[in-house]
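Worksheet: one structure, shown below.
The values are calculated or read from the model by the stated rules, or taken from the named source; none is laboratory data. From a predicted model like this one, the values you see are computed outputs, not experimental measurements. Here Cβ is always computed from backbone atoms with ideal geometry, including for glycine, and neighbour counts include all displayed protein chains. Side chains are part of the model used for accessible areas, which takes the heavy atoms of the whole protein and leaves out ligands, DNA and RNA. Shrake-Rupley method; radii C 1.70, N 1.55, O 1.52, S 1.80 Å.
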Amino acid sequence: MDKDRFLWGSATAAYQCEGAWSEDGKGMGEWDTFCHSEKNNVNPVTGDVSCDHYHRYEEDIRMMAEGNQNTYRFSIAWSRIIPDGTGAVNQKGIDHYNKVIDTCLNYNIVPNATLFHYDLPDALAKKGGWENRGTVDAYAAYAKACFEAFGDRVPLWTTVNEPSYYTHCAYAAGNYPPNIQNFSRRSRAAYYLLLASARAVAAYHEKKYAGQIGLVHDAYPIETEENDEANRKAGYNAELFFNKWVTDCCLKGFFSDDLIEKLIECDIDLSFREKGDDLIFHKGTVDFLGLNIYDRQYVKPYQGGKTEIRMNNRGKDNKVRAGMRIRNWFETAYDENVQKNEWGMEIYPKCIYNELTEIKRQYGDIPLYITENGVGLYESPDRTGTVQDDARIAYLSGCIDYMLKAKEEGVNVRGYYVWSSLDLYSWINGYEKRYGLVYVDYDNGNGRVPKKSYYWYRDLIEKYSNHNEEE
Ligand code: BG6
C-alpha cells in the first residue's frame, strides 16, 4: 500500500449486508438470534438475505472500483471463521474472505478489514458475551486465525468497531442485543472489548505483519449550550463519556484518572479490573485511529434526576425526541437552528473539522481515517429510475470540505470512507433508513442502482487525485 496516497472508499459491515446467514458452515450470530426472536419488535426484519453481498461481492467491489474508490472497509463475521466462537476454524469462512480480499486486490482496492462489528457468535453470547472475560480469550484466538489467514494481503486492520456506541446500545439504551440497561454492566462489557482490542493489537505487532492495526471509534466533538462553568463541566463529562475512555485507552494505553474518579463517584462497579490488564493496555496501543463521525453531541448540565436514554429507531414515526439525560454527567441540548434528518441526526458537517482538530490537540499526529461518514434518508428511484439523493451529496460534500480543511491545517488524516457502499440493513432501524451510494432494490432481486451520489463521489475522487498529482 502506498502510504502517501490518500484513500477514498466506502464501508459496510458483515451482518448488515452479507445475508447467507446459515451458509457454508456459518454459526449462529447474536444478531441472527435476536432478529429471529420477538425481542426484535421495533422494525422486525432480519439480515438473513439483506443485500446478498455474500454472493454479489464481486459486482459490488467492481462498482466501487468503477466509482474510482481505492479502498473498501468491510467486516469479517466471527461466526463464519469460528462458528461456535471458540474451537475449530471453518475453512469455508476463510475461503469466502480470501475471495473478497483477492477481488479487492484485483481491482486495486485496499482492503480494510474489521474483526468485530457488533456480531458476536451466539454461543459466546449465551455464555455472558462481552461481560465474560472468557470472550476476550476467544476473540484473541479468532483475531490470530484472521491474521494468519489474511495478514499477508490486508494492510489495514480494525480490531473493534465502536466499543462506545455498541455497548451504549447493547447495555445502556438496551435496544441492541443483549438488551440490557445497566451502566455497571455496560462498563464491564466495554472494558473487555477494549482489552480484547489491545490483545489483538499486541499479537499483530508481535508477529511483525507488514500492515497497520487500529480501532474504530464513534467520535463526537462536544459542544455546550452555554459557555458558563456548569456547561463547561457538563461538556467535559460528555467528552469523558463519549470519547476519552476509548481514545485514551487505545492511544495512550491507560484510562484517565478523571474518568475512573467519575465512574467511582457514580457507583459504577469496577471490580472486573485485574492486575496485569494495565500491561495489556500499555502494549496494545494502535497504529491509527479510525473515526466514525456523523454529527456532534450538543449538551448542557444535568444534575440529580433520572438517567434516561431515548433512541429514535422509528424515523418519521418516532414519537419521542432522541437524546439522553445521564444523571450527574450531562443531558442532550437541542439547537433549533440546526436541521435534522428524520431520525434526529443533526446535519452539521463542521463536526468533522471540530473532531479532527480536537484529536490532534489531545493526541498529536496519530494517523487518522474517517472510517464512516454519511446520512440516513428515506429514498426511492424517481420515474427515470434515478435516486436523486441531493441531500446526501450536500452533507457529504460539506463534511469532506471540512476534512480537507483540517488536513490542510496539518491534521494527519489519511483516508475517508462513506457509510455505506450500498444500502444495507440499518440494525434495528430496518431497511428503510438508507445510507448507500448504491440503491438496493430489495423487492426486485436485490438489484443495484448507483445513486446520484455515487457519480458525484466518483468525480470528486478523480478531481482530487488529478489535482494532487499535478502539484
Ligand atoms: C455506525 C455503525 O455507528 O453507524 C454502522 O458502525 C451503522 O454499523 C451506522 O449502520 C449508521 O447507524 P444506523 O443505526 O443508522 O444504521
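Worth a mention:
- Here the stretch 365-407 is the region considered, the condition is being touching a Pro at 6+ places or on another chain (Cβ under 6 Å) and surrounded by fewer than 24 Cβ atoms within 10 Å (Cβ to Cβ), and the residue that is nearest to Phe6 (Cα to Cα) is Tyr402.
- For the stretch 88-114, a residue qualifies if it is β-branched (Val, Ile, Thr), over 17 Å from Tyr417 (Cα atoms) and surrounded by fewer than 21 Cβ atoms within 10 Å (Cβ to Cβ), and the qualifying residues are Val89, Ile94, Thr103.
- Residue match in the stretch 433-442 (condition: away from the ligand (no atom under 16 Å from the Cβ), part of a helix (DSSP H, G or I) and at pLDDT 95 or above): no
- Condition check for Asn466 on (1) surrounded by fewer than 18 Cβ atoms within 10 Å (Cβ to Cβ); (2) in contact with a strand residue (DSSP E or B) (Cβ under 7 Å, 6 or more places away or on another chain): one failure, at (2).
- Contact annotation: residue pairs with Cβ atoms under 6 Å, 6 or more positions apart or on different chains, pairing a residue in the stretch 420-444 that is within 16 Å of Thr386 (Cα to Cα) with a partner that is among the aromatic types (Phe, Trp, Tyr) and within 8 Å of the ligand (Cβ to nearest atom), are Tyr435/Trp419.
- Some residue of the stretch 186-200 being open to solvent by 40 Å² or more (accessible area, probe 1.4 Å), without any contact (Cβ under 8 Å) to a residue 24 or more places away in the chain and under 21 Å from Ile268 (Cα atoms): no
- Only one of the listed residues (Ile461, Ile428) is under 30 Å from Glu38 (Cα atoms) and among the aliphatic types (A, V, I, L, M). That residue is Ile428.
- Subset of the stretch 1-13 [open to solvent by less than 10 Å² (accessible area, probe 1.4 Å) and in contact with a Lys or Arg (Cβ under 8 Å, 6 or more places away or on another chain)]: Leu7, Gly9, Ser10, Ala11, Thr12
- Conditions (1) over 24 Å from Asp335 (Cβ atoms); (2) of a type outside the set (Val, Ile, Thr); (3) more than 16 Å from the ligand (Cβ to nearest atom); (4) out of contact with any Phe, Trp or Tyr (no Cβ under 6 Å at 6 or more places or on another chain); number of the one not met by Pro367: (4)
- Residue check, Lys127 of a type outside the set (Val, Ile, Thr), at pLDDT 95 or above, open to solvent by 10 Å² or more (accessible area, probe 1.4 Å) and not in a loop (DSSP other than H, G, I, E, B): no
- Failed condition for Ile180, given (1) in contact with a helix residue (DSSP H, G or I) (Cβ under 7 Å, 6 or more places away or on another chain); (2) touching a residue at least 12 places away in the same chain (Cβ under 8 Å): (2)
Per-residue answers, yes or no, for (1) touching a residue at least 24 places away in the same chain (Cβ under 8 Å); (2) within 24 Å of the chain's Cα centre (by Cα); (3) over 30 Å from Asn444 (Cα atoms); (4) more than 16 Å from the ligand (Cβ to nearest atom):
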{"position": "Pro301", "(1), (2), (3), (4)": "yes, no, yes, yes"}
{"position": "Asn313", "(1), (2), (3), (4)": "yes, yes, no, no"}
{"position": "Gln339", "(1), (2), (3), (4)": "no, yes, yes, yes"}
{"position": "Glu372", "(1), (2), (3), (4)": "yes, yes, no, no"}
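- Qualifying positions in the stretch 131-167 - within 16 Å of the ligand (Cβ to nearest atom), open to solvent by less than 10 Å² (accessible area, probe 1.4 Å) and part of a helix (DSSP H, G or I): Pro163, Ser164, Tyr166, Thr167
- Comparison of Ser50, Ser22, Ser37 shows that the only residue that is part of a loop (DSSP other than H, G, I, E, B), of a type outside the set (A, V, I, L, M, F, W, C) and surrounded by 15 or more Cβ atoms within 10 Å (Cβ to Cβ) is Ser50.
- Qualifying helices (runs of 4 or more DSSP H) (wholly inside the stretch 170-280; at least 3 residues being within 16 Å of the ligand (Cβ to nearest atom)): 183-206
- Extreme residue, farthest from Tyr369 (Cα to Cα), among residues of the stretch 396-411 that are in contact with a helix residue (DSSP H, G or I) (Cβ under 6 Å, 6 or more places away or on another chain) and aliphatic (A, V, I, L, M): Ala406
- Among the residues making up the stretch 248-291, those that are under 15 Å from Tyr236 (Cα atoms) and in contact (Cβ under 8 Å) with a residue 60 or more places away in the chain are Lys262, Leu263.
- Residues in the stretch 314-364 that are open to solvent by less than 70 Å² (accessible area, probe 1.4 Å), in contact with a Phe, Trp or Tyr (Cβ under 8 Å, 6 or more places away or on another chain) and under 22 Å from Val42 (Cα atoms): Gly315, Asn318, Ala322, Gly323, Met345.
- Residue identified as of a type in the set (Ser, Thr, Tyr), under 13 Å from Ser453 (Cα atoms) and out of contact with any strand residue (DSSP E or B) (no Cβ under 7 Å at 6 or more places or on another chain) among Tyr395, Tyr353, Tyr348: Tyr395
- Taken together, the criteria place Gly398 among residues that are away from the ligand (no atom under 16 Å from the Cβ) and outside any loop (DSSP other than H, G, I, E, B).
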